[in-house]
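Pasting a structure below so you can have a look.
Please treat every number below as a calculation from the coordinates, not as lab data. These numbers were taken from a predicted model, which means no experiment stands behind them. With ideal geometry, Cβ positions are generated from the backbone for all residues, glycine too; neighbour counts draw on all protein chains shown.
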Amino acid sequence: MLVKWNPLNALATHEPFWSDFFDADFPVRVNGFEPKVDIKETDKEFVINTELPGLDKNDFKLTVEDNVLIIEGEKKIENEEKNENYYRSERSYGAFKRSFRLTDSVDSKNINAKYKNGILSVTIPKTEKAKPKAIEVKVS
């Protein structure tokens, strides 16, 4: 098993202050906000559900370019309080970009997207040739 090395995680586990203050599995995000996705497949379509909590519809965009579906945007800090003393802050902010290669088995011209309660749901229909077909078995 390969594990990506993160110097901040090493610091958190080897430095007494950090190991006392945070547990060893403290999640450190160096690159900013990265939305999580779930991808599922049915007989008729693919569905990509992306978590975009706290974002408005205008904070992200969805495009298809060269058979690649791209979800990109930015999660901005609403109010930055200079006088606040945070003991722990796990919320992340920043620009993000997620991309998904589309195959010939999908109909990229009929992609639909809905955004509700912080979840972007993208439905990508399959082409007729990609849908499974039942084969009748004859008994002789």
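Greater than 31 Å separation of Cα atoms is the criterion. Which listed pairs, LYS61/LYS133; LYS57/LYS126; LYS75/LYS133; LYS57/LYS133; LYS76/LYS129; LYS40/LYS109, meet it?
Over 31 Å Cα-Cα: LYS61/LYS133; LYS75/LYS133; LYS57/LYS133; LYS76/LYS129.
To continue, here is another question. Would you mind ranking LYS126, LYS109, LYS131 by Cβ crowding within 10 Å, fewest neighbours first?
Arranged by neighbour count, lowest to highest, LYS126, LYS109, LYS131 become LYS109, LYS131, LYS126.
Hey, rough spin-label estimate for ILE135 and ILE39, points 7 angstrom out along Cα→Cβ, what's it come to in nanometres?
The answer from the label model is 2.8 nm.
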